[in-house]
Amino acid sequence: LQRERGLRPEQQEAESHRILKQLIDEQLLVEKAEKVKMDKEPGAQQAIDAARREVLARAYVEQAAQTVPAPNEAAIHTYYDSNDALFSHRRVYTLQEYLAKVPEDKIPALRALVDGGKSPADVEAWFKAQGVQFRAQETTQPAERIPFNSLKTLATVPDGRGLVVAAGNQVHVTYVASSAQAPVDFDTAKPKIGQYLMIESRRKVTEANMAALRTSAKIEYAAPYQALAASG
């Protein structure tokens, strides 16, 4: 009943009756399954073992995470000040974006076009002249909806200008068609920053614990999986 979220006080009694009925039905089914020895079947035993492993592993991770202290005000302030694009200089962006496959030897020319201040219309004309298929879209996104690494670069781009990101022949051209300042003050941002820093701290503790367990354990791989041992 405690796991049921959003229950109003007047719903508690009816919900407790529903859960009790569910538990009784479940227990009756378990007892019947045990009588016919279903719990001894290989498939059932594997499922029980898998559930046990999952419960114990999650319990250990959660217990270790409980040792992580809440971030103090200084840490929250540092994060706020270090990420002004998300907070004090936050903007809401209207973006004109193009996705295309461009031959790698032609990407420098496209980059020069965009960096030189040519307009989205010029970029579309260039794509057509090169016979390059492209997809265009316009979206409005607040800073926090933009991938963090991309935001760091985008925050430096003035309205009307663009940038090119390429991976192989995959090209993403983004123009800041317009933007509006929408700062978030420290007091408003503080709870979410604290929550984010706590999650990050718990993730790091979990990763460190996992790394320590792997280092101290002896792990042997069967023949088809020995490449995993070599890759670490």
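The values are calculated or read from the model by the stated rules, or taken from the named source; none is laboratory data. In this text the structure is predicted, and so the values were computed from the model without any measurement. Note that we place each Cβ from the backbone using ideal geometry, even for glycine, and neighbour counts take in every protein chain shown. The area values use the complete protein model at the heavy-atom level, side chains included, leaving out ligands, DNA and RNA. Shrake-Rupley method; radii C 1.70, N 1.55, O 1.52, S 1.80 Å.
List of remarks:
- Euclidean distance of C-alpha centroids, region 20-91 and region 125-197, integer Å: 34 Å
- Taken about its Cα centre, the chain carries a charge dipole of about 380 debye when Lys and Arg each add +1 at the Cβ and Asp and Glu each add -1 at the Cβ.
- Report note on the peptides 186-196, 89-99: ranked by the mean count of other C-beta atoms within 10 Å, highest first, their order is 89-99, 186-196.
- Apportionment of accessible area to carbon and sulfur, region 84-232, percent (1.4 Å): 54 percent
- Extension gain, Gln2 to Gln137, is 44.1 nm, computed as 0.36 nm per intervening residue step minus the present C-alpha separation.
- Cross-link pairs Lys118/Lys152; Lys152/Lys204; Lys106/Lys152; Lys101/Lys204; Lys152/Lys190; Lys101/Lys152 - those with Cα-Cα distance over 29 Å: Lys101/Lys204
- With the Kirkwood sum run over all distinct C-alpha pairs, the chain has a hydrodynamic radius of 24.1 Å.
- Residue-normalised accessible area of the chain, expressed per residue, 1.4 Å probe, Å²: 72 Å²
- For Ala182, neighbours were defined as the other residues whose beta-carbon sits under 9 Å from its Cβ, and their charges (Lys and Arg +1, Asp and Glu -1) total +2.
- Percent RCO, i.e. relative contact order, over region 84-232, from Cα pairs under 8 Å lying at least 6 residues apart: 35 percent
- Listed residues Val30, Val165, Val184, most fluctuating in the chain (Gaussian network, C-alpha, under 10 Å): Val30
- Around Thr139: net Lys/Arg minus Asp/Glu count, Cβ-Cβ under 13 Å: 0
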